[in-house]
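These notes concern the structure reproduced below.
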Amino acid sequence: MPSVEKLLHFLSTSFIVAAGAALLGFGMSTDWAKAEMACAPIGDQFNGSSSLKIGLFNGTENKIDCPRISRPGIKVTVFERLGKLAGAPIILHALVVILLGLALLGSAGSILVALYNSFSNPYQTYMGPIGLYTCSGLSVCVASLALILYVANAYLGQMFETLVKADEPNVMLKDVKINLQVGFFLLIPYICFHVVAILVVYLYTHAAYTRRKEQERPTEDAPKEIMMY
């Protein structure tokens, strides 16, 4: 029967990881960024504009005189549009989604390992704390990489310009202003939750290891009584 201390540590770890996974799941379904840019037909003056608000998979676009007419509320299917022009934007975007999928897989592994350790004692196997460190560490690494790649794609990879030109190829764009949204920022607490989960398990295992070593100390290290006859 596991001790109350061990049960609380590993159950709390599973709840922390589950909360992080729920945040990421919600983040993947909501908006990640919005952008506004000036728009004009090739060789003409910049009198129009285009604004987009997108998540990982879908979004909307509002066009004002871009290039000649205004069209509000256009549905944007992100992968479909990026795929029309191919290149780096769709590759980086696909990598972001794949990495986030791996992060959720790592979260699921962490939850299962934490729950298993709540009621058993597989310390020296991959189902012990080492398994949790591995799964949560994977989630932290791939989520951090996804965060970096998304920023690089949005600001350096011209993802938003590609989304507009995939629908209107004969336009010029400039003055792109990008604002990251809640879906992107939810990656940060997700990463923090997994770091906390690793720390909670590490502190418990370190304390348990210290107690075990103290119990195994040779008798000569124990205080000696002076016996007089």
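The values are calculated or read from the model by the stated rules, or taken from the named source; none is laboratory data. Model, not experiment: these values are computed from the prediction. So basically every Cβ, Gly included, is an ideal-geometry build from the backbone, and we count neighbours across all protein chains shown.
Please go through the range 47-90 and give me each residue that is surrounded by 17 or more Cβ atoms within 10 Å (Cβ to Cβ) and more than 14 Å from GLU168 (Cα to Cα), ordered by number.
If the condition is that a residue be surrounded by 17 or more Cβ atoms within 10 Å (Cβ to Cβ) and more than 14 Å from GLU168 (Cα to Cα), then LYS53, ILE54, GLY55, LEU56, GLY59, VAL78, PRO89, ILE90 are the ones that fit.
Pick out the one residue from ALA114, ALA94 that is free of Cβ contacts under 8 Å to residues at least 24 places away in the same chain and touching a Phe, Trp or Tyr at 6+ places or on another chain (Cβ under 8 Å).
Of ALA114, ALA94, the one residue that is free of Cβ contacts under 8 Å to residues at least 24 places away in the same chain and touching a Phe, Trp or Tyr at 6+ places or on another chain (Cβ under 8 Å) is ALA94.
Specify the residue that is farthest from the chain's Cα centre (by Cα); the eligible residues are those in the range 20-45 that are surrounded by 16 or more Cβ atoms within 10 Å (Cβ to Cβ) and outside any strand (DSSP E or B).
Among those that are surrounded by 16 or more Cβ atoms within 10 Å (Cβ to Cβ) and outside any strand (DSSP E or B), it is ASP31.
What residue, of ILE91, ILE54, ILE42, ILE64, is at pLDDT below 90 and more than 29 Å from ILE198 (Cα to Cα)?
ILE42
Just to be sure I understand, how many residues within the range 59-111 are assigned to a loop (DSSP other than H, G, I, E, B) and among the aromatic types (Phe, Trp, Tyr)?
0
Give the residues of the range 171-208 that are hydroxyl-bearing (Ser, Thr, Tyr) and modelled with pLDDT under 90, sorted by residue number.
TYR202, TYR204, THR205
Taking the range 168-185 only, how many residues are surrounded by fewer than 17 Cβ atoms within 10 Å (Cβ to Cβ) and assigned to a helix (DSSP H, G or I)?
Count: 2.
On the basis of being within 25 Å of PHE185 (Cα to Cα) and either among the basic types (Lys, Arg) or touching a helix residue (DSSP H, G or I) at 6+ places or on another chain (Cβ under 7 Å) (or both), does ILE98 make the cut?
Here the answer is no, as ILE98 does not meet what is asked.
Provide a single number: the residues in the range 108-143 that are modelled with pLDDT of 85 or more, farther than 10 Å from SER14 by Cα and polar (S, T, N, Q).
So the answer is 3.
Does ILE148 satisfy being surrounded by fewer than 19 Cβ atoms within 10 Å (Cβ to Cβ) and part of a strand (DSSP E or B)?
No, not satisfied.
State whether the residues of the range 64-74 include one that is more than 17 Å from PHE184 (Cβ to Cβ) and under 23 Å from the mean Cα position of the chain (by Cα).
no
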